Amino acid sequence: MKYSILFMFIAFMGFTTHSFAQAGAKFKFLNGETHDFGKIKKGPVANHSFEFENVGSTPLVIVDVKPSCSCTNVDWDKQPIAPGKKGKITLGVKTSELSGVFNKGVYIQSNAITPNGEKRYTIYLKGEAVE
């Protein structure tokens, strides 16, 4: 009897811990969290859209998207993304302001669960601006 109660308690704690760990909004980027432009001609704006799905259990709300430098334009879906639905974050790198190899971080402030308990989610653009 003592072991049955102990087993039920351990099973219950495992279930509730798993349930709480999965609660909330959560990003799943469909083509990864880094986009590599490769070699691109210096001058025009190089655009890329990061498509994602909310694989969490509550609507995902993006509050702000901040690039690591002013050489990157940002646009994102301002409406909440319901669980199971898709959204996108579009970035444009001003290649005229870059020289050589670049690796730019873009920081996403949202209500989503973040990896390793970080305060924000980070996606990356990289490549090489050539003449």
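The values are calculated or read from the model by the stated rules, or taken from the named source; none is laboratory data. Just so you know, these numbers come straight off a predicted model, no measurement behind them. No Cβ is skipped: glycine too gets one built from the backbone with ideal geometry, and neighbour counts run over all protein chains shown.
Name, by its number, the condition in (1) modelled with pLDDT under 95; (2) closer than 16 Å to Asp36 by Cβ that does not hold for Ser99.
(2)
For every residue, the table says whether it meets (1) at pLDDT 90 or above; (2) farther than 25 Å from Ile113 by Cα; (3) of a type in the set (A, V, I, L, M, F, W, C).
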{"residue": "Phe7", "(1), (2), (3)": "no, yes, yes"}
{"residue": "Gln22", "(1), (2), (3)": "no, no, no"}
{"residue": "Phe27", "(1), (2), (3)": "yes, no, yes"}
{"residue": "His35", "(1), (2), (3)": "yes, no, no"}
{"residue": "Gly38", "(1), (2), (3)": "yes, yes, no"}
{"residue": "Phe52", "(1), (2), (3)": "yes, no, yes"}
{"residue": "Gly56", "(1), (2), (3)": "yes, no, no"}
{"residue": "Val65", "(1), (2), (3)": "yes, no, yes"}
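Counting just the residues of segment 95-106 that are part of a strand (DSSP E or B) and not β-branched (Val, Ile, Thr), which one comes out surrounded by the most Cβ atoms within 10 Å (Cβ to Cβ)?
Phe102
If you go through segment 109-129 one residue at a time, how many are in a helix (DSSP H, G or I) and either among the β-branched types (Val, Ile, Thr) or more than 11 Å from the chain's Cα centre (by Cα) (or both)?
Residues meeting the conditions: 2.
Kindly establish whether Lys88 is within 18 Å of Glu33 (Cβ to Cβ) and basic (Lys, Arg).
yes
One residue is enough: does segment 60-83 have a residue meeting the conditions of a type in the set (Gly, Ala, Ser), touching a residue at least 12 places away in the same chain (Cβ under 8 Å), surrounded by 15 or more Cβ atoms within 10 Å (Cβ to Cβ) and within 22 Å of Ala25 (Cβ to Cβ)?
no
Could you grab the pairs with beta carbons closer than 6 Å, sequence gap of 6+ or different chains, first residue in segment 20-46 and closer than 23 Å to Glu97 by Cα, second one modelled with pLDDT under 95 and exposed (fewer than 11 other Cβ atoms within 10 Å of the Cβ)?
Close Cβ pairs (under 6 Å, with a partner that is modelled with pLDDT under 95 and exposed (fewer than 11 other Cβ atoms within 10 Å of the Cβ)) amount to Lys42/Glu131.
Please give the number of the condition Gly92 fails out of (1) among the small types (Gly, Ala, Ser); (2) assigned to a strand (DSSP E or B); (3) free of Cβ contacts under 8 Å to residues at least 40 places away in the same chain.
(3)
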